[in-house]
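Enquirer: One structure is given below, represented as structure tokens, and several questions about it will come after.
The values are calculated or read from the model by the stated rules, or taken from the named source; none is laboratory data. If you're wondering where the values come from, they're calculated on a predicted model, not measured in any experiment. Every residue, glycine among them, receives a Cβ derived from its backbone with ideal geometry; neighbour counts consider all protein chains shown. Just so you know, the surface numbers come from the protein's heavy atoms only, side chains and all, with ligands and any DNA or RNA stripped out. Shrake-Rupley method; radii C 1.70, N 1.55, O 1.52, S 1.80 Å.
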Amino acid sequence: MQPSQKVGKTYHDSTKHSYLSVMLDPNYVDASTQPSPFKFYPKFYRRLKLNVKNPIHSFLWLTSAITFEKYYQDEPYKLRVNPSAGALYPTEVYVQIRGIEGIVDGIYHLEVANNCLTLIYELIDDGLESYILANNRIIGFIFLISCVYYRSSWKYKERSVRYCCLDSGHHLGAIAASTYLHNRNLQLLFDFDKLALNADLGFENKEFITACAISGEFQEKKVRRLRLKVPFVCGTDYFEANQFIEDGYQATATSGSSQKQLEYPQFDFDKERFYQTVWNRRSIRRFQKKSISAKDFWNILQEVQKPIPTENFEDIEIYSVIHRVEGILPGLYQGKRLVKAGNFNDKVGYLCVNQALARDSAVTLFFVSNYSNYQTAMQVAGFLGQRVYLFSNYWDIQCSGIGAFYDDETQEFLETKKDVLYAMVIGK
Ligand SMILES: Cc1cc2nc3c(=O)[nH]c(=O)nc-3n(C[C@H](O)[C@H](O)[C@H](O)COP(=O)(O)O)c2cc1C
């Protein structure tokens, strides 16, 4: 095992759930103490209201939009294009915009609560490129995803070291869906100088950059580092530090990920229907135990595994526990290979911390990996998870992410030595 992998594994291993650990700490919280899920820069910063009829605005809006509002115990909840463990939304988006007509060159915070861009930094000969790519200048958009980790650790404590990264991967997936719908190019980056960016963007210890997504034209030109620091603004109304998460982030932020050649996926979805799918995406709360067709299932699995446009990568293997797919023998599959036959719905419901969703689904998926870089691997798992949501919903199949499972028992059931990073359920 490489030293970098060992570092990530330490954080994975110390956040494992077991039957006993969940019994001892079921994560009950007083909802009235939830930290704010929205970040706002002070009101004197210049803002640009997004207008969905403008294609550039619509492109940015759809990366993070609020798509549904509901009341729970008299509290309003705003759900978004991206799912999030416990609907806590630790992720924020910053976007550098350069050379786009009608928009001042600068770094903007995407203020999700009000559908606007807040200008936090004006560019001269400097920019984010110098932290991310050597000798390149981007005409277009550089997105940064960050995590305001306390929003998640408030409830999930140490295990949110996982959920922050999974949520970040989902948010990257939402950006990918918006670039697809707006016919724009996209490249994801996980290996860059995140720590210097955290310092220069004024995040202190309360927020950290996890990933970058570039959509634009690459020009060969050197760009200076930011000439000024951005002032600190807290992403929550109050904050409690969690040293474990801060250490876990730092330890996994600097080591290299596995590398691969840049490859772009080709999808052939009906754009109008896909747009509606992004807009209406939701997590299922209860399945009716109906079957799905084999054609739909293999289709989803095949589309999900199309290339991810990045050079920094971690390979994720997908196991499927098939409960209810017409014409496919129930059992555990690794790709199309049957590992063991059987009706494992009760077993899998139990493994996912007794969640009925995993018992009543048509298929429960498990993402496993032998990563080099844990932070990257978890984000790639989340990115694939966003594809599972969108591609299932596109074919009228419901879906949910499952972050809670008994780690060791699940690994044993799957008969794998790789770490289990994430689970997902699909069905009707
Ligand atoms: C990383 C992650 C883990 C999740 N884990 C669970 C889970 O264990 N059980 C569950 O019912 N939902 C789970 N969800 C679904 C969230 O509860 C859901 O995304 C959130 O409530 C927002 O609702 P929406 O997806 O309908 O917008 C998870 C979602 C994500 C992204």
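Enquirer: Report whether or not Ala213 is closer than 16 Å to Leu110 by Cα and modelled with pLDDT of 95 or more.
Expert: yes
Enquirer: Among what's in segment 232-253 and is part of a loop (DSSP other than H, G, I, E, B) and in contact with a helix residue (DSSP H, G or I) (Cβ under 7 Å, 6 or more places away or on another chain), pick the residue that is surrounded by the fewest Cβ atoms within 10 Å (Cβ to Cβ).
Expert: Checking each candidate, the answer is Glu240.
Enquirer: Here is a further query. Select from segment 22-35 the residues that are assigned to a loop (DSSP other than H, G, I, E, B) and loosely packed, with under 15 Cβ neighbours inside 10 Å and list them in ascending order.
Expert: Asp25, Pro26, Asn27, Tyr28, Val29, Asp30
Enquirer: Only residues that are away from the ligand (no atom under 11 Å from the Cβ) and outside any helix (DSSP H, G or I): list them for segment 368-415, please.
Expert: Val368, Ser369, Asn370, Tyr371, Ser372, Asn373, Trp395, Asp396, Ile397, Tyr406, Glu415
Enquirer: Name the residue that is farthest from the chain's Cα centre (by Cα), counting only residues in segment 68-94 that are charged (D, E, K, R) and more than 10 Å from the ligand (Cβ to nearest atom).
Expert: Of everything passing the filter in segment 68-94, Asp74 is farthest from the chain's Cα centre (by Cα).
Enquirer: A further question on this structure: Quick check on this structure: which one of Asn136, Asn183, Asn198 is away from the ligand (no atom under 16 Å from the Cβ), modelled with pLDDT of 95 or more and touching an Asp or Glu at 6+ places or on another chain (Cβ under 6 Å)?
Expert: Asn136
Enquirer: Only one residue in Asn354, Asn343, Asn373 is surrounded by fewer than 22 Cβ atoms within 10 Å (Cβ to Cβ), closer than 29 Å to Thr91 by Cβ and not assigned by TED's automatic domain parsing to the domain that holds Ala213. Which one?
Expert: Result: Asn354 is the single residue among Asn354, Asn343, Asn373 that is surrounded by fewer than 22 Cβ atoms within 10 Å (Cβ to Cβ), closer than 29 Å to Thr91 by Cβ and not assigned by TED's automatic domain parsing to the domain that holds Ala213.
Enquirer: For Pro330, are the conditions met, namely being open to solvent by 20 Å² or more (accessible area, probe 1.4 Å), more than 16 Å from the ligand (Cβ to nearest atom) and in contact with a strand residue (DSSP E or B) (Cβ under 9 Å, 6 or more places away or on another chain)?
Expert: Judged against the criteria, Pro330 is a match.
Listed here are the residues, each with its yes/no results for (1) among the β-branched types (Val, Ile, Thr); (2) open to solvent by 10 Å² or more (accessible area, probe 1.4 Å); (3) touching a helix residue (DSSP H, G or I) at 6+ places or on another chain (Cβ under 6 Å).
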| position | (1), (2), (3) |
| --- | --- |
| Glu122 | no, yes, no |
| Asp125 | no, yes, no |
| Leu133 | no, yes, no |
| Arg137 | no, yes, yes |
| Phe141 | no, no, no |
| Gly169 | no, no, yes |
| Ala176 | no, yes, no |
| His182 | no, yes, yes |
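Enquirer: Between Leu60, Leu50, which is touching a Cys at 6+ places or on another chain (Cβ under 8 Å) and open to solvent by less than 50 Å² (accessible area, probe 1.4 Å)?
Expert: Going through Leu60, Leu50 in turn, just one is touching a Cys at 6+ places or on another chain (Cβ under 8 Å) and open to solvent by less than 50 Å² (accessible area, probe 1.4 Å): Leu50.
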